[in-house]
Amino acid sequence: MSEPSADESRIDRRAELLPEEQEAGSDDPQAQAEAILEESDERTDAPEETRHESTQTPD
């Protein structure tokens, strides 16, 4: 059996729901983790481009 890739391991770790996520529930923690990490990677890779789309960062 092959070892999971770094991305798969990262997704698996993030798919472990935080307490507040457990309380709210999740139909698909794996898909939720993939979406969260994809968005995070976009913000990390292109901070200036994504900054204007964010409601959390001031202009």
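Summing +1 for each Lys or Arg and -1 for each Asp or Glu, what net charge is found among the other residues whose Cβ lies under 13 Å from the Cβ of GLU38?
-3
Can you tally the net charge around ASP27? Count Lys and Arg as +1, Asp and Glu as -1, for every other residue whose Cβ sits under 15 Å from the Cβ of ASP27.
Values: positive: none; negative: GLU21, GLU23, ASP28, GLU34.
Spelling it out: positives minus negatives among the neighbours equals -4.
Laboratory data are not the source of any read-out in this text; all were calculated from the coordinates shown. Keep in mind it's a predicted model, so treat the numbers as computed, not measured. Here Cβ is always computed from backbone atoms with ideal geometry, including for glycine, and neighbour counts include all displayed protein chains.
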